[in-house]
Amino acid sequence: MDYIVIKAFTDKNDKHHYAVGERYPYRGFAKKERLEELSSKNNKRGVPLIEEKKPEKAAKVEVEKTEEKPEKAEEKKKKSAKK
């Protein structure tokens, strides 16, 4: 699971300063206990500092349906003009 910083803090374990919006941890993996501590009020600051990053939903792309592709329409015009 990925976690994102919601309150800036300096980690007591790795001394890295985390800014809001940054990924936690900035490298490697964190222990489950540490993640629970930082994502709850059970830390030195008394407020959640990180939260689980929610997966982004894929954007829906609408495809326009056309009766004919432009190239085919032009070919048909050329063929009918030759006749």
Inset, instruction - State the Kirkwood hydrodynamic radius of region 3-52 in Å, one decimal place, computed from all pairs of distinct Cα atoms. - result: 10.6 Å
Inset, instruction - List, in order, the whole-Hz ³J(HN,Hα) value for each residue of region 9-26 obtained from phi through the Karplus relation with A = 6.51, B = -1.76, C = 1.60 and θ = phi - 60°; use x for Gly and Pro. - result: 7, 10, 5, 5, 7, 10, 6, 7, 8, 9, 9, 4, x, 6, 6, 10, x, 5
Legend entry - Distant-in-sequence amide H partners of residue 3 (H built 1.01 Å from N, under 5 Å): 24, 53
Legend entry - For residue 9, residues with placed amide H under 5 Å, excluding near neighbours: 18
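Bear in mind these aren't lab numbers, they're just calculated from the coordinates by the rules spelled out. All of these numbers come straight from a predicted model, not from anything done at the bench.
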